[in-house]
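Remarks on the structure that follows.
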Amino acid sequence: MFNNASPPGPTRETSRQVVTPDQTVPPKVEYENRVFTDIPWGVVNILAYIAFLATGFVVVGRAHPIHVTLEDGNRGLNDYYMADAEQCCAGGNSGTVCSLYEDRINGSRRLEGITFSKFDGDEGIFDTFVEAPMIIFGLISIVLAVSLIWIVLLRFFAKPIVIIVEIAKVAAVIYLGIVQQETGTRVICFICAALMIGYIFWAWKKIMFAAKIIEHSTIAMKERPSVFVGGFFIKIFYAGNAALFVLFFSQSFGVTEIQELNGFCDFVYPDYVMRISIFWSLSYLWTLLLFSQMRLSITSAIVGSWHFHPE
């Protein structure tokens, strides 16, 4: 007896399958066969960040700001430095410390009456965030607005934007060549512009393909809005790490002592503060690179899940 039944046709599930499992990357993390150096470098990174936090909070605990807001609302020398300033300036010395000490004793305010600015007492640049927090709010608002506008523009005008960017780069180099005074510099700028134009013609297909990929990615953002959630948490990591770096770096200026140097009393920062600041900078850069790779991993995983499996 023969089975004359026709072979089963493609089901809805198989008809929607864009690629077979062996043609794509499985959605899992390959953690078993990792390179040996991954674990040691991961441990080093963790230890470096622990050292970043430990040294930072130690410096914050030892910091005493030079300028403080007094009871009358004016800003003057911190009480913490008054005794050392009095001792250093007692011998007829002069300098920044003595000037601040005399202003505090006499009850005067530096540059008073010259300007209406809040920052008229040699404050550091980071003190502006304390005195005027609306600066941070304004900058964050601008970044969010520009980001949203940029995504919308890339969604509908990816190709024109890519073309305009390439033209703008060439135009900028040509403009630099025009405004230069030396002939040699002009020639170099014009040669660079010519090379850039040649590269654009040579890589035109790649540039147009990049524009298509950009437009494709913006569609993926619409279909997979979870990419914004992942990006939001990465941005929190970015902002938190930056806030710690600014806090540690700004507070390091408060770790100082008064010393007399050739008849001048001045604030002297310990050598270890400078070395720690260098370590903070390197650790901060390393952490930025790590967050950057995390951001790319999250984005590629979410976009790839839609690209290979759009159902």
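The values are calculated or read from the model by the stated rules, or taken from the named source; none is laboratory data. All of these numbers come straight from a predicted model, not from anything done at the bench. Note: ideal-geometry Cβ built from the backbone for every residue, glycine included; neighbour counts use all protein chains shown. With ligands, DNA and RNA removed, areas are computed over all heavy atoms of the protein, side chains included. Shrake-Rupley method; radii C 1.70, N 1.55, O 1.52, S 1.80 Å.
Take Glu215, Glu182 and sort them by solvent-accessible surface of the protein heavy atoms, 1.4 Å probe, largest at the top.
Values: Glu215 75, Glu182 125 Å².
Most to least solvent-accessible, the answer reads Glu182, Glu215.
Could you compute how much accessible surface Thr183 exposes when probed at 1.4 Å, giving the result in Å² to the nearest 10?
Surface open to solvent at Thr183 totals about 100 Å².
Using modelled backbone amide H atoms (1.01 Å from N, in-plane), which distant-in-sequence or interchain residues come within less than 5 Å of His64's amide H?
Distant-sequence amide H within range of His64: Gly254, Val255, Thr256.
With every protein chain left in place, what is the accessible area of Arg62 in Å² (1.4 Å probe, nearest 10)?
130
Using 7 Å Cα-to-Cβ label points, what is the Phe137/Arg275 separation (nm, one decimal)?
Label at Phe137, label at Arg275, 4.3 nm between them.
Give the peptides 270-279, 249-258, 201-210 in descending order of average Cβ contacts within 10 Å, highest first. Walk me through the numbers on the way to the answer.
Working: 270-279: 13.2, 249-258: 18.6, 201-210: 11.6.
Ranking the peptides 270-279, 249-258, 201-210 by packing returns 249-258, 270-279, 201-210.
Non-local amide H neighbours of Cys265 (under 5 Å, H modeled in plane, Pro and chain starts lacking H): which ones?
Ser94, Gly95, Thr96, Val97, Cys98
In Å, what Rg and Dmax follow from the Cα atoms of the range 152-274?
So, for the range 152-274, Rg and Dmax equal 25.2, 70 Å respectively.
From the phi of every residue in the range 190-200, what ³J(HN,Hα) in whole Hz does the Karplus formula 6.51 cos²θ - 1.76 cosθ + 1.60 yield, where θ is phi - 60° and glycine or proline is x?
So the Karplus estimates, Gly and Pro as x, are 5, 5, 4, 5, 5, 5, 5, 5, x, 5, 4 Hz.
Expected output is a single nm value to one decimal: the length gained when fully extending between Phe209 and Ser147, i.e. 0.36 nm times separation in residues minus the C-alpha distance. What is it? Intermediate values should be presented prior to the final figure.
On the way: separation 62, 0.36 × 62 = 22.32 nm, distance 2.26 nm.
Once the chain is fully extended between Phe209 and Ser147, it gains 20.1 nm.
Express the relative contact order of the range 154-201 as a whole percentage, based on alpha carbon pairs under 8 Å and six or more residues apart in sequence. Don't skip to the answer; put the middle values down first.
On the way: 23 pairs, mean separation 15.7, N = 48.
Averaging sequence separation for qualifying contacts and normalising by length gives 33 percent for the range 154-201.
Describe numerically, in nm with one decimal, the distance between label points set 7 Å from Cα along Cα→Cβ at Gln181 and at Asn45.
4.9
With a 1.4 Å probe and all protein chains in place, put Trp306, Trp286, Trp280 in order of accessible area, largest first.
On the way: Trp306 30, Trp286 90, Trp280 0 Å².
Correct descending sequence by accessible area is Trp286, Trp306, Trp280.
Note down the relative contact order for the range 167-252 as a percent, whole number, built from C-alpha pairs under 8 angstrom at least six residues apart. Don't jump to the answer; show the numbers that get you there.
Working: 24 pairs, mean separation 14.2, N = 86.
For the range 167-252, the relative contact order is 16 percent.
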